[in-house]
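Down below is the structure, laid out as structure tokens.
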Amino acid sequence: MSSPIRYYYDLMSQPSRALFITFRLSNMPFEDCLVALRNGDHLTEDFKQQINRFQRVPCIHDNGYKLAESVAILRYLSAKGKIPEHLYPKYFVDQSRVDEFLEWQHMSLRLTCAMYFRTVWLEPLLTGRTPSEAKIETFRMHMERNLDVVEEVWLEGKDFLTGSTLTVADIFAACEIEQTRMADYDVRIKYPKIRAWLKRVRQSCNPHYDVAHEFVYKISGTGPQAKL
């Protein structure tokens, strides 16, 4: 009998949270293998040799098979029947729409939200240096261009990003957007469709959504029930 997968993750990581929520919604058993990024656990030679050669999270070990990259992990576990079809469809037309978003977001929404977060919150924490207002404004502008696309294109006439029901596309996107709270950016102020959509995603994913975002809520001081 095979053992549950070993899941290496840190809930400070956006894709780690996305897979954590997806696994919990899928009722998929897994072994918690917590990796403290803030302590550099992923930078050791042992981690590189034994866990993930790319030295990042999330990653999995499935009875000796090692796999990194969140979307690759998602597709692998879906192919094994571990992820329910309502979260990641099997039918190729429906699946392609979810994949379209996952491919789009990686170099747009994910990249620009992460860079804004890194510039405003993470780098000052690590270096003690405050970024210039011009630098912050540049990264905010890049991020908002992609938030505009989510608001005006992906959520046009739909409750969720790819249709009328929640999929992993929504989970991955929400985890990216929620991260900006820690950099004192509340997307709900400027984007009413995203605000309503985030509420739907949270309701559809709870209690796992709030568990995954506990650290984000704590650092940002903006809990899920905070009013604008």
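The values are calculated or read from the model by the stated rules, or taken from the named source; none is laboratory data. Every value quoted in this text rests on a predicted model; they were computed, and no experiment measured them. Virtual Cβ from ideal backbone geometry, glycine too; neighbours counted across all protein chains shown. Note: accessible area is taken over every heavy atom of the protein model, side chains too, but ligands, DNA and RNA are not part of it. Shrake-Rupley method; radii C 1.70, N 1.55, O 1.52, S 1.80 Å.
Packing around the peptides 10-19, 110-119, 138-147, 125-134, taken as the average count of other Cβ atoms within 10 Å per residue, puts them in this order, highest first: 10-19, 110-119, 138-147, 125-134.
Residues whose amide H falls under 5 Å from that of residue 83, counting only those 5 or more places apart or on a different chain, are 78, with hydrogens built in the peptide plane. In plain terms, the chain from residue 103 to residue 33 could stretch by 22.5 nm, reckoned as 0.36 nm per residue minus the Cα-Cα distance. Dimensions of segment 92-220 along the principal axes, based on C-alpha atoms and rounded to the nearest Å, stand at 47, 29, 25, largest first. Nonpolar atom fraction for the chain, defined as the carbon and sulfur part of the 1.4 Å probe accessible area, stands at 53 percent. Going 7 Å from the Cα of residue 127 along its beta-carbon direction, which residues of segment 25-69 have the amide nitrogen within less than 20 Å of the resulting point? Of the residues in segment 25-69, 38-40 have backbone N under 20 Å from the label point off residue 127.
How much net charge surrounds residue 7 when only other residues with a Cβ under 15 Å from its Cβ are counted (Lys, Arg +1; Asp, Glu -1)?
Computed value for this residue: +1.
Using the Karplus relation 6.51 cos²θ - 1.76 cosθ + 1.60 with θ = phi - 60°, the per-residue 3J(HN,Hα) values for segment 29-35 come to x, 8, 8, 5, 10, 6, 10 Hz, with x marking Gly and Pro.
Given a Förster distance of 35 angstrom, what is the FRET efficiency for residue 45 paired with residue 3, based on the Cβ-Cβ distance and rounded to 0.05? Computed FRET efficiency for residue 45 and residue 3: 0.85.
Contact order for the chain, expressed relative to its length and based on alpha carbon pairs under 8 Å spaced 6+ residues apart, stands at 21 percent. Going by accessible surface with a 1.4 Å probe and the largest first, 219, 189, 194 read 189, 219, 194. With protein chains left intact and a 1.4 Å probe, residues in the chain average 51 Å² of accessible area per residue. Computing Cα extents along the principal axes in Å directly from the structure and comparing it against (i) 54, 44, 29; (ii) 82, 41, 34; (iii) 48, 38, 34 singles out (i). Simple spin-label estimate for residue 80 and residue 141 gives 4.6 nm between the two label positions (7 Å along the Cα-to-Cβ direction from each Cα).
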